[in-house]
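The values are calculated or read from the model by the stated rules, or taken from the named source; none is laboratory data. As the structure is a prediction and not an experimental result, all values here were calculated from the model. Because the Cβ atoms are built from the backbone with ideal geometry, glycine has one as well, and the counts that use them run over all protein chains shown.
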Amino acid sequence: MRKFAPQFAGTPWRDGARVLHAYLLPDLTVDQDLAQLVRACREAMKPYPITPLSDGLIHVTVEMVADTTADHITGDDREALTAALRKHLYDAVPFRVLAGSPIANKAGALLDLSPDAPLADLKGRVREAFREARGPETIQHDGGRHHMSLGYSWDTASSDTLQSALRRITPSHAPFHVTCVHLLDVQFRERAHDRGTAAWEISWEPVATIPLGASP
């Protein structure tokens, strides 16, 4: 692995910049098997240069509003995004996916998610909502395979040995119940860390929570 570096619209993220995202946020008080799996992954990550995400920061990225940063999106614009999300998610049905196995990658550690179909359907709905509210330029990448982020690396290390440690975790899968989409104002800041390095840290402010199946 190497140091994680966030990107915005295909370019390096500006320190302190804020960008609107649609995320899925697990409720680890409900999905207790998932909470246990996350704790086991944190233990495996301890020897590695990874900043583990706290329970409140574990997330699944659905989509990014990529046409501009959040400081240029007004209150009315945010209300339009929320209304569009409600419109496109009103007939979406809550679902359950499987989180796991744990994976070490170039930027830290994550949980794979399956099956693909309900997540792909949800992402398609969110993308249509974003395009409706802000136009086609708001979607600028495919986002890759859905996953749940567990922590971001702040230095180089062997992903192979971390993967071996993660593979020893059992059970390696847990249910994740998806009941709503969170529209969030997401910020990355680069802060001093060990050995004279710096680490990117994520935080966010809530904009809206849209339950699946809610009236538009």
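Have a look at Ala66, Ala83 and point out the one that is part of a helix (DSSP H, G or I), more than 22 Å from Ala174 (Cβ to Cβ) and either touching a strand residue (DSSP E or B) at 6+ places or on another chain (Cβ under 8 Å) or of a type outside the set (Lys, Arg) (or both). Unique residue meeting the criteria: Ala83. Here Ala40 fulfils each of the conditions (1) outside any helix (DSSP H, G or I); (2) touching a residue at least 40 places away in the same chain (Cβ under 8 Å); (3) aliphatic (A, V, I, L, M); (4) surrounded by fewer than 20 Cβ atoms within 10 Å (Cβ to Cβ) apart from (1). Examine the stretch 192-209 for a residue that is within 19 Å of His88 (Cα to Cα) and in contact with a Cys (Cβ under 9 Å, 6 or more places away or on another chain), and state whether such a residue exists. There is at least one residue in the stretch 192-209 that is within 19 Å of His88 (Cα to Cα) and in contact with a Cys (Cβ under 9 Å, 6 or more places away or on another chain).
Would you confirm whether any residue within the stretch 48-59 is surrounded by fewer than 16 Cβ atoms within 10 Å (Cβ to Cβ) and over 18 Å from the mean Cα position of the chain (by Cα)? No, the stretch 48-59 contains no residue that is surrounded by fewer than 16 Cβ atoms within 10 Å (Cβ to Cβ) and over 18 Å from the mean Cα position of the chain (by Cα).
All conditions in (1) part of a loop (DSSP other than H, G, I, E, B); (2) under 26 Å from Glu63 (Cβ atoms); (3) in contact with an Asp or Glu (Cβ under 8 Å, 6 or more places away or on another chain) hold for Val207, with the sole exception of (1). Of all residues in the stretch 168-191 being out of contact with any helix residue (DSSP H, G or I) (no Cβ under 9 Å at 6 or more places or on another chain) and more than 23 Å from Ala92 (Cβ to Cβ), which is modelled with the lowest pLDDT? Per the stated criteria, the residue is Arg191.
What pairs can you find where one residue is in the stretch 60-71 and of a type in the set (A, V, I, L, M, F, W, C), the other is surrounded by fewer than 17 Cβ atoms within 10 Å (Cβ to Cβ), and their Cβ atoms are less than 6 Å apart, with a gap of 6+ or different chains? These pairs meet every condition: Ala66/Ala9; Ala66/Gln140.
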